[in-house]
């Protein structure tokens, strides 16, 4: 995986400068943040990983995919728990390059899922994972189509914030104020480079052991927080109750 990580920026930059043989005109970089914490039901996590594999198999030459798990401290995610791969740009006979990519990405994601299932994190650092996603997009050329998928129950629980109890998440109005404040902050705020600007963000809900226990108003506030936060980062968020089920329709069909 280290080799794939090293090649990712180069592939994105070179591929965006010109359309190589066999590549389509608009290249895509798809970043996934699947929630691998203990509050997510195991079956839901597996569904999310299957959805990622299904989209990876649709990628075309020059496209890249990054899969970074949401854990207790997402900014310190071990290298062997991150998957980064690009579809080769040069066509081989009988499209063997595409077949090899699909085989390799399926194996890498299966190993990632196995590791994450064996070590379920107690806390949930979604904001840290967003910082990682921001960096994934940092080296993309402006003409690369960027899409971010987050599969989670969206309960931020770290050493600073607990969305299950915080009074700031008691209502959608207070949640939006918190989102605006954090987006402007230096610690949990949006990148000054604006790497999430204009990025389509799919907020895919996953069944959770904790979320159903919360009052409906707090659940609505949590949803409003993430929409407001990402909007403040100039991204384009879309919230889906059935996360894995709707995710395959979110990639632009024209690209």
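The values are calculated or read from the model by the stated rules, or taken from the named source; none is laboratory data. As the structure is a computational prediction, the values presented were derived from the model and not from experiment. Note that each Cβ is placed from the backbone with ideal geometry, even for glycine, and that neighbours are counted across all protein chains shown.
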Looking at 170, 106, 175, can you tell me which residue is surrounded by 13 or more Cβ atoms within 10 Å (Cβ to Cβ), within 19 Å of the chain's Cα centre (by Cα) and in contact (Cβ under 8 Å) with a residue 40 or more places away in the chain? 106
Test: residue in segment 99-121 that is part of a helix (DSSP H, G or I), closer than 26 Å to residue 182 by Cβ, at pLDDT 95 or above and in contact with a strand residue (DSSP E or B) (Cβ under 6 Å, 6 or more places away or on another chain): no
Go through the residues of segment 202-213 one by one and say whether even a single one is out of contact with any helix residue (DSSP H, G or I) (no Cβ under 8 Å at 6 or more places or on another chain) and buried (at least 20 other Cβ atoms within 10 Å of the Cβ). no
Going by what's in this entry, would residue 129 be described as buried (at least 22 other Cβ atoms within 10 Å of the Cβ), in a helix (DSSP H, G or I), touching a residue at least 24 places away in the same chain (Cβ under 8 Å) and in contact with a helix residue (DSSP H, G or I) (Cβ under 6 Å, 6 or more places away or on another chain)? yes
Within segment 151-165, can one find any residue that is within 13 Å of residue 66 (Cα to Cα), under 18 Å from the mean Cα position of the chain (by Cα) and either at pLDDT 95 or above or part of a loop (DSSP other than H, G, I, E, B) (or both)? no
Which of (1) at pLDDT below 95; (2) in contact with a strand residue (DSSP E or B) (Cβ under 9 Å, 6 or more places away or on another chain); (3) part of a helix (DSSP H, G or I) does residue 95 not meet, given it meets every other one? (2)
Residues (more than 26 Å from residue 87 (Cβ to Cβ) and buried (at least 24 other Cβ atoms within 10 Å of the Cβ)) located in segment 36-48: 37, 40
Look at residue 221 and say whether it is within 22 Å of residue 75 (Cα to Cα) and either buried (at least 16 other Cβ atoms within 10 Å of the Cβ) or free of Cβ contacts under 8 Å to residues at least 24 places away in the same chain (or both). no
Restricting segment 53-89 to residues that are in contact (Cβ under 8 Å) with a residue 60 or more places away in the chain and assigned to a helix (DSSP H, G or I), the residue that is surrounded by the most Cβ atoms within 10 Å (Cβ to Cβ): 55
